[in-house]
1. Considering only residues that are of a type outside the set (A, V, I, L, M, F, W, C), at the interface with chain A (Cβ under 7 Å from one of its Cβ atoms) and part of a loop (DSSP other than H, G, I, E, B), look in the range B:51-79 and name the one that is nearest to A:Met365 (Cα to Cα).
2. Residues that are within 24 Å of B:Lys75 (Cβ to Cβ): which helices (runs of 4 or more DSSP H) entirely in the range A:363-455 hold 3 or more of them?
3. Of all residues being touching an Asp or Glu at 6+ places or on another chain (Cβ under 6 Å) and β-branched (Val, Ile, Thr) in the range B:26-44, which is nearest to the other protein chains (Cβ to nearest Cβ)? Just the residue, please.
4. Cβ-Cβ distance below 6 Å, separation of 6 or more or different chains: which pairs start in the range B:13-41 with a residue that is at pLDDT below 85 and end on one that is of a type outside the set (Lys, Arg) and surrounded by 15 or more Cβ atoms within 10 Å (Cβ to Cβ)?
5. Among the candidates A:Ile29, A:Ile8, single out the residue that is at the interface with chain B (Cβ under 7 Å from one of its Cβ atoms), modelled with pLDDT of 90 or more and under 31 Å from the mean Cα position of the chain (by Cα).
6. Given the conditions (1) within 11 Å of another protein chain (Cβ to nearest Cβ); (2) at pLDDT 90 or above; (3) surrounded by fewer than 20 Cβ atoms within 10 Å (Cβ to Cβ), and given that B:Leu144 satisfies all but one, which numbered condition is not satisfied?
7. Which condition number does A:Gly464 fail, the rest of (1) at pLDDT below 90; (2) in a helix (DSSP H, G or I) being met?
8. Go through the range A:43-66 and give me each residue that's over 17 Å from A:Leu24 (Cβ atoms), modelled with pLDDT of 90 or more and not β-branched (Val, Ile, Thr).
Amino acid sequence: MTTAALFILLFGCMLLGMPIALALGLSSIGTILMFSNDSIASISLKLFEALSKHYTLLAIPFFILSSSFLSTGGVAKRIIRFATGLVGHIKGGVAMASVVACMIFAAVSGSSPATVAAIGSICIAGMLKIGYPESFGAGVITTAGTLGILIPPSIVMLVYSAATEVSAARMFMAGFLPGLLMGLMLMVVIYIVARYRSLPSLPWVGFKELLSSGWSALGGLMLIIIVLGSIYGGIASPTEAAAVSAVYAFGIACFGYRDMGPMKEQPWFKPGESLGAALFRNSWQITLALPKCIFDRDVNKVLMDAAKVSIMLLFIIANAMLFAHVLTTERIPHHIASIIVELGLSPWMFLIVVNLLLLAAGNFMEPSAILLIMAPILFPIALQLGIDPIHLGIVMVVNMEIGMLTPPVGLNLFVMSGITGNSMGWVIKAALPWLCLMLVFLGLITYIPQISLFLPEYIDKLKGY
Amino acid sequence: MFLKIVNKIEEGIIALFLVTCTLLVFVDVVMRFGFGKAWIWSQELTLHLSAWMVLFGASYCLKLGAHIGMDAFVKIFPSLGRKILTGIACVLSLIYCWLVIYGAWIYLGKVKMLGISLEDLRFIPTWVAHSILLIGFIFLGVRLLILLWTVVFGDVEVFRHADEAKESMAIVEELKKEGMV
C-alpha cells in the first residue's frame with residue numbers, strides 16, 4: 001500500500017513534467033504524512049541535514065567547477081594533438097586517437113555529452129579530411145564519449161555514493177580499470193575494422209612533437225594525476241581533491257592556457273624576449289590579473305554554469321535522501337528482497353534483471369536521476385544477495401553509459417546529430433555496432449566482478465588492511 | 001531594470017557561496033599539508049555555505065529552467081492539455097513548498113525556543129543557520145506562483161528543463177567561432 005502510494009505519486013508527478021527534485025520531495029513527504037507518524041518539522045530538518053551533514057557531497061560542486069573550467073575547445077584541441085601523436089600512426093590510428101582523446105577529456109570533464117561535443121567536432125572533421133567514412137567516426141566518438149561517467153573522477157559515481165553511502169574513493173578506484181578496458185576494446189575493434197577496410201593512418205610525428213604536444217596537454221592531464229594520485233594514495237578525500245582540482249583548473253584555464261579570463265591571448269613568450277624578461281613580465285601580469293578575475297566575464301560565466309548544475313544536482317540529492325528515508329523506514333527494499341529470495345532468484349539472475357531495468361529506465365531519464373531513484377532500492381537487495389556494492393555501482397554506471405546511446409533520451413546521440421548535422425536516425429545507425437560492443441562490455445563487467453574490484457582491493461592490500 | 005538588478009544580486013550571492021566553499025576547503029588542505037594545522041570550524045562552515053547555496057539557488061534555477069525533468073509525456077498533448085497538466089504540476093509543487101515551509105516554521109520556532117547554537121561555530125544560533133530552509137522554499141514558492149501565472153495567463157506550456165545536450169553544443173559554437181573546425 002505504502003509502496004504503491006509512493007511510486008504512483010512519484011511517477012505521476014514526473015509524468016506531469018515536474019522537476020525531478022520536487023517530484024521526489026512531494027511523493028516522499030506525501031507518503032510520510034499519509035502512512036507514518038513522523039512530524040512535518042522532523043522531515044524539514046531531514047531535508048536540511050541531507051545538505052549540511054554530508055561532507056562527501058561537496059565533491060560534486062567542486063568537480064563540476066573544475067570541469068567547467070577545463071571543458072573547453074582549447075583543452076580538447078591540445079588533448080587531441082597529443083593523442084594523435086601517440087597513436088595516429090597505427091592502422092586506424094586517427095579513430096584510435098579520438099578514443100584516447102575521449103578517455104582523457106572524459107576524465108577531465110566528467111561529462112559525456114561535453115566530451116562528444118568537444119572531441120567530436122574536431123575529430124570528425126579531421127577524419128573526413130583523410131578519408132574515413134563519416135558514420136564510422138561518428139559511431140566511435142558517440143560511444144567513446146560515454147566513458148565520461150565511467151573514468152574517474154566522475155560525477156555520476158559521486159551521485160551513486162551519495163545515494164548508497166558507498167565510499168566515493170573506492171568507486172573512483174573501481175572505475176579506472178573498466179574505463180581502460182572499454183577504451184582498449186574500442187581500439188581493438190577499430191584496428192580490426194581499419195585492417196579490413198584499409199583505412200588510412202597518419203605518419204609518425206616523431207618524439208619531439210610527441211613531447212611538445214604532451215607538454216601542452218599536461219595542463220589537463222595533471223588534473224587527473226592530482227585527483228587520482230591523491231585519492232588512490234589515500235592522502236586526501238575526494239572532497240579535498242575536488243577542491244584542489246577546482247582551484248588548479250581555474251589557474252590552468254586563466255593563467256596557464258589563457259583560453260579565458262583577463263590574460264586571454266597574452267603569450268607566455270613574446271618574440272625575441274629573453275627568459276628573464278618573460279618571467280618578470282608574466283609574474284607581474286598574473287599578479288595584476290588575479291583581482292581582475294572577480295569581475296571577469298568568462299570567469300563569472302564558468303562560475304554560474306557550474307553553480308547552476310551543482311545546485312540542480314544537490315537539490316535532487318537532498319530530496320532523494322527523503323525518498324531513501326521513506327524506502328528504509330517502510331522497509332520496501334527488504335520486502336522486494338524477500339520476494340526475490342522466495343522466487344529463488346540467484347545473484348546472476350538478479351543482475352540480469354537489474355541490467356534490463358536500468359537499460360529500460362535509461363531510455364527515459366537522466367543518469368543521475370535514475371541512480372538516485374534506483375540505487376536505494378537495488379543496493380539493499382544486492383547486499384542481501386551477496387553482491388559487492390562497488391561492483392553494483394560500476395554495473396549501474398555502465399548501464400547509464402548505454403542509456404546515453406539509446407533513444408529517445410540518449411544525450412550523446414543528440415549532440416552527435418547536432419555536430420554532424422545529420423538526422424537522429426543516421427546517428428543511431430552509426431552508433432549501433434558500437435552499442436553492441438557496449439552490451440558485450442556490460443556483460444563482462446556484470447559477470448566478472450574482479451574487473452571492477454581488482455584495483456580497490458589491491459590498493460587496500462598495499463595499505464595493509 | 002529592477003529584475004535585472006535582482007538577477008545580478010542572486011547570481012552574485014550564489015557565486016560567492018560557491019567560491020567561498022571551494023576556497024575554504026582548498027585552504028584547509030593547504031594548511032593541513034603545509035603547516036600541519038586545521039581549523040575545526042572550517043568543515044561546518046563549508047557544509048552550511050553549500051546548503052545555503054543550494055536552497056537559495058533552487059528558485060534561481062527554476063527561473064532559468066535549470067532543473068531536470070521529463071517532458072516527453074506532457075508534450076504529447078495539444079496546447080491546452082499541456083497547460084492544464086503543467087498547471088496541475090505547479091499546484092502540486094506549491095503544495096510541496098507549503099509543506100516544507102510549514103514544517104520549517106515549526107522546526108525553526110522550536111530550535112529558537114531551545115536556544116541552541118551550532119557545534120563548532122558556537123556564536124551562530126542554529127535557527128539562523130537553518131533559516132535558509134524557510135527562505136529558500138518561500139523564494140521557490142514565489143517563483144512557482146509566477147510560473148503558474150504565466151501558464152494560466154501567458155504563453156508558457158511546459159516546465160523548462162535543463163538540456164545537457166544543448167548546453168554541450170556551446171563548446172561546438174566556441175570552436176567554430178575560433179575557426180578550429
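1. B:Gly69
2. Correct list: A:367-384, A:411-420, A:424-447.
3. That would be B:Val29.
4. Correct list of pairs: empty, since none qualify.
5. A:Ile29
6. Here B:Leu144 clears every test but (3).
7. Status for A:Gly464: all satisfied but (2).
8. Across the range A:43-66, the qualifying residues are A:Leu45, A:Leu58, A:Ala59, A:Pro61, A:Phe62, A:Phe63, A:Leu65, A:Ser66.
The values are calculated or read from the model by the stated rules, or taken from the named source; none is laboratory data. No experiment lies behind these values; they were computed from the predicted model shown. Counting neighbours? That spans all protein chains shown, and the Cβs are built from the backbone with ideal geometry, glycine included.
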